[in-house]
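Here is the structure we will look at, set down as structure tokens.
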Amino acid sequence: MKKILIFPLLNSMPSGHHQVADAFSEYVAGDSFEVECKKVDLLSEWNAKAEMVTVKAYLQWIRRSPHSYGWIYRQFAFRSKEKHSAKYFEWLFMKKVETIISEEKPDLIVCTHGFPSFFINKLKESGRCPVPCLNIYTDFFINDVWGRSRIEFHFAATEAMKDKLQQEYQIPRERIFVTGIPVSGRFREGKRSKEPQTVSVLVSGGSTGLSNIIGQLKEGIDSSKWEIRVLCGTNKRLFKQLTALNNPAIKPLAYISSKEEMNRLYNEVDVLVTKPGGVTISEALEKELPIFVSAPLPGQEEINLRYLIEQNLAFALPSSGNLLEFIARTLEDTKQIKRHQAAVQKHKQSLLYTSPHKITNAIELMLIS
């Protein structure tokens, strides 16, 4: 039996990198491959306590000082090789990555985070990793943390990313597959059902804030016109605050891990309000939900939002004004909605997952390389 070793990052945080890793495993399990998929978190393998401390510090940093996070992200994710060196991180982690690969003996390595991809690329540069590797990018752009020059295969979110990989890194086009950001196949099940008398809004992103939106939920909302469901994630304080409002139009929801339950939610709502994280956006695009994006965190969310707006795949919420009034006006604008729907259809039709046999062929190619 062949083995695929998947490297996401940060086990104790339910991130998009893990969701994409799980979606890829689903693709493999759904085909006739006799393949074992195993996830390994580099930081946990190196030091489990350090991983837990890192996650806690990371979440607090984003909540308390998003602008400083954005500045650091830009410095390292779009760094100049002359100005920045990763020698310290190479010293800390390179040997660990090499050891994991040697012990696991995979037939294919899959990276859903740039951090392990960087080290595997370095190992390949020195001839110390003969195992073929696949990068699965989890945003609508590629930052400089990802290893690229020696990585054999790529799942790109857009055609523009494919062009960039080919032109800047001379990667053969036949080794770059435009898949979008992979999401669970469960989100292709069922159709959205609408309740004509109300507009049902799903608000996602409670674990990292959306404070500008949550503040508006304290105002009077007509339950005969609106139904607001708020995914609070692991934010227990937010869940309690919204419950205490005792407003029949607002329904706070605790963390949901079940893909089936999330799919049911998507099928029941009319609109998604969210941060521009790659995976959540991709799930909503699959469900063809109108997407309204709140003020993004500095860093990758800003770049994702720019792409989504340019492609008419989402609507940017204004920084001021009434949230629900803006949503209502947009939904009533027939031309704008038709333009958005056409853009979503064009995006979906460009993706490889619309032809499952092509995904199967791609994975088979990687396993026999």
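The values are calculated or read from the model by the stated rules, or taken from the named source; none is laboratory data. The structure presented is a predicted model; accordingly, all values stated were derived computationally and were not measured. Every residue, glycine among them, receives a Cβ derived from its backbone with ideal geometry; neighbour counts consider all protein chains shown. SASA here: full protein model, heavy atoms, side chains in, ligands and nucleic acids out. Shrake-Rupley method; radii C 1.70, N 1.55, O 1.52, S 1.80 Å.
Go through the stretch 244-259 residue by residue and tally those that are at pLDDT below 90 and hydroxyl-bearing (S, T, Y).
2
Residues that are open to solvent by 30 Å² or more (accessible area, probe 1.4 Å): which helices (runs of 4 or more DSSP H) entirely in the stretch 272-333 hold 3 or more of them?
300-310, 323-332
Can you name the condition, by its number, that L134 falls short on among (1) modelled with pLDDT of 95 or more; (2) aliphatic (A, V, I, L, M); (3) open to solvent by 10 Å² or more (accessible area, probe 1.4 Å)?
Result: L134 fails condition (3) only.
When the stretch 114-130 is examined, which residues are found to be open to solvent by less than 40 Å² (accessible area, probe 1.4 Å) and of a type outside the set (A, V, I, L, M)?
G114, P116, S117, F118, F119, N121, K124, C129
Among the residues of the stretch 247-265, count how many are among the charged types (D, E, K, R), in contact (Cβ under 8 Å) with a residue 24 or more places away in the chain and surrounded by fewer than 18 Cβ atoms within 10 Å (Cβ to Cβ).
3
Check whether at least one residue in the stretch 119-134 is farther than 30 Å from W226 by Cα, free of Cβ contacts under 8 Å to residues at least 12 places away in the same chain and among the polar types (S, T, N, Q), and report yes or no.
Checking the stretch 119-134: at least one residue is farther than 30 Å from W226 by Cα, free of Cβ contacts under 8 Å to residues at least 12 places away in the same chain and among the polar types (S, T, N, Q).
Could you go through the stretch 156-165 and let me know if any residue there is assigned to a loop (DSSP other than H, G, I, E, B) and among the hydrophobic types (A, V, I, L, M, F, W, C).
Yes; the residues of the stretch 156-165 include at least one that is assigned to a loop (DSSP other than H, G, I, E, B) and among the hydrophobic types (A, V, I, L, M, F, W, C).
For Q336, state whether it is open to solvent by 80 Å² or more (accessible area, probe 1.4 Å) and modelled with pLDDT of 90 or more.
no
Consider the stretch 230-246. How many of its residues are under 16 Å from L323 (Cβ atoms) and surrounded by fewer than 17 Cβ atoms within 10 Å (Cβ to Cβ)?
1
Go through the stretch 102-145 and give me each residue that's touching a Ser or Thr at 6+ places or on another chain (Cβ under 6 Å) and aliphatic (A, V, I, L, M).
I136 - this is the single residue of the stretch 102-145 that is touching a Ser or Thr at 6+ places or on another chain (Cβ under 6 Å) and aliphatic (A, V, I, L, M).
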